[in-house]
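Novice: Sharing a structure, written as structure tokens. Questions coming.
The values are calculated or read from the model by the stated rules, or taken from the named source; none is laboratory data. Just so it is clear, the model here is predicted, and its values are computed rather than measured. Note that we place each Cβ from the backbone using ideal geometry, even for glycine, and neighbour counts take in every protein chain shown. We work out accessible area using only protein heavy atoms, side chains counted, and drop any ligands, DNA or RNA first. Shrake-Rupley method; radii C 1.70, N 1.55, O 1.52, S 1.80 Å.
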Amino acid sequence: MIHQPDISTYYDQLAPHYDEDRFANSYGQYIHEQETAILDKLLPHPPTDSTLDLGCGTGRLLKWASHGLDSSPMMLEEARRKYPEHHLSKAPAWDTPYLRYSFSAVYAFHLLMHLERAQVTKVFQEAARIIKPGGRFIFDIPSTNRRQLTGHQADNWHAAQSMTLADIAAIDPQTWKIQSYQGVLFMPIHRIPARWRSSLLWADNLLCRSPWRSYASYLVVELVRL
């Protein structure tokens, strides 16, 4: 797994065409619809003035935040074009410029999956510092249960990190409580013809909220800051 400076460089190179390459196709749109539905349920819109998109990238999900942070300057440049009124900052997710208890909610999508476990722990510690007591940390992470079920082995840094709910609960139980969780991508949509994908979204959403949701490809977890 490569380290953060290399990840930033990688995303700098992708930034101008990232949205088109990753989310303009039927697979990307499928993921986008599931993720935005979750954020619609968990966060108000318009956002409060104390919500942070941690690892905001090009701003695909900045709609629910007042602030955004990313380590890639080129990704932030794209985000500023979309949301010129937002407060955007360049920094690592585990060393932000914000004051203690700055936010009532922080969310991080497609971030923790790229980090080593020690970095994930540091992100949790930083989130605990900047989130107010009673506030929430919402994030996604690939499911270890799913990877063990399918025999998936990550062969490079991209989305190499995965966790179980038990892993998440064990990081700092004195600081965090799991409030809720659900899945994203229960079905192997990448193996299904593009013309059928959208018609399966409703069934996938049901499975992602079912008792088997920990076996979805990704977990979206809502933590409460104690």
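Novice: Counting only residues that are modelled with pLDDT of 95 or more and out of contact with any helix residue (DSSP H, G or I) (no Cβ under 9 Å at 6 or more places or on another chain), which one in segment 136-165 is nearest to Ala93 (Cα to Cα)?
Specialist: In this case the residue turns out to be Arg147.
Novice: I'm checking my understanding of the structure. Among residues of segment 1-35 that are open to solvent by 70 Å² or more (accessible area, probe 1.4 Å) and acidic (Asp, Glu), which one is modelled with the lowest pLDDT?
Specialist: Asp6
Novice: Give the number of residues within segment 117-145 that are of a type outside the set (Ser, Thr, Tyr) and assigned to a helix (DSSP H, G or I).
Specialist: Within segment 117-145, residues that are of a type outside the set (Ser, Thr, Tyr) and assigned to a helix (DSSP H, G or I) number 14.
Novice: Any idea which of (1) open to solvent by less than 50 Å² (accessible area, probe 1.4 Å); (2) part of a helix (DSSP H, G or I) is the one Gln148 doesn't satisfy?
Specialist: (1)
Novice: Could I ask something else about it? Taking interchain pairs and intrachain pairs at least six residues apart, which have beta carbon atoms under 7 angstrom, with the first residue in segment 69-81 and of a type outside the set (A, V, I, L, M, F, W, C) and the second crowded, with 24+ Cβ neighbours inside 10 Å?
Specialist: Asp70/Gly55; Asp70/Cys56; Asp70/Gly57; Glu78/Thr58
Novice: Would you be able to tell me the number of residues in segment 97-130 that are touching a residue at least 40 places away in the same chain (Cβ under 8 Å) and not hydrophobic (A, V, I, L, M, F, W, C)?
Specialist: Of the residues in segment 97-130, 11 are touching a residue at least 40 places away in the same chain (Cβ under 8 Å) and not hydrophobic (A, V, I, L, M, F, W, C).
Novice: Of all residues in segment 60-82, count the ones that are part of a helix (DSSP H, G or I) and more than 15 Å from the chain's Cα centre (by Cα).
Specialist: 10
Novice: Residues that are of a type in the set (Ser, Thr, Tyr) and over 26 Å from Ala170 (Cβ atoms): does segment 76-86 have at least one?
Specialist: Yes, the conditions are met somewhere in segment 76-86.
Novice: Would you confirm whether any residue within segment 184-192 is in contact with a strand residue (DSSP E or B) (Cβ under 7 Å, 6 or more places away or on another chain), in a loop (DSSP other than H, G, I, E, B) and open to solvent by less than 30 Å² (accessible area, probe 1.4 Å)?
Specialist: yes
Novice: What's the number of the condition Ile178 fails, among (1) open to solvent by less than 30 Å² (accessible area, probe 1.4 Å); (2) assigned to a strand (DSSP E or B)?
Specialist: Looking at each condition in turn, Ile178 falls short on (1).
Novice: Suppose we filter segment 38-82 for residues that are touching a Gly at 6+ places or on another chain (Cβ under 7 Å) and either open to solvent by 50 Å² or more (accessible area, probe 1.4 Å) or at pLDDT below 95 (or both); how many remain?
Specialist: 1
Novice: For segment 196-217, which positions are within 20 Å of the chain's Cα centre (by Cα) and assigned to a loop (DSSP other than H, G, I, E, B)?
Specialist: Arg209, Ala216, Ser217
Novice: Sticking with this structure for a sec: Just name the residue that is least open to solvent (accessible area, probe 1.4 Å) out of those in segment 83-95 that are part of a loop (DSSP other than H, G, I, E, B) and under 22 Å from Leu43 (Cα atoms).
Specialist: Across segment 83-95, the extreme among qualifying residues is Ala93.
Novice: Given the residues Trp212, Trp157, which is the only one that is in contact with a strand residue (DSSP E or B) (Cβ under 9 Å, 6 or more places away or on another chain) and more than 19 Å from Leu39 (Cα to Cα)?
Specialist: Step by step, each of Trp212, Trp157 is checked, and only Trp212 is in contact with a strand residue (DSSP E or B) (Cβ under 9 Å, 6 or more places away or on another chain) and more than 19 Å from Leu39 (Cα to Cα).
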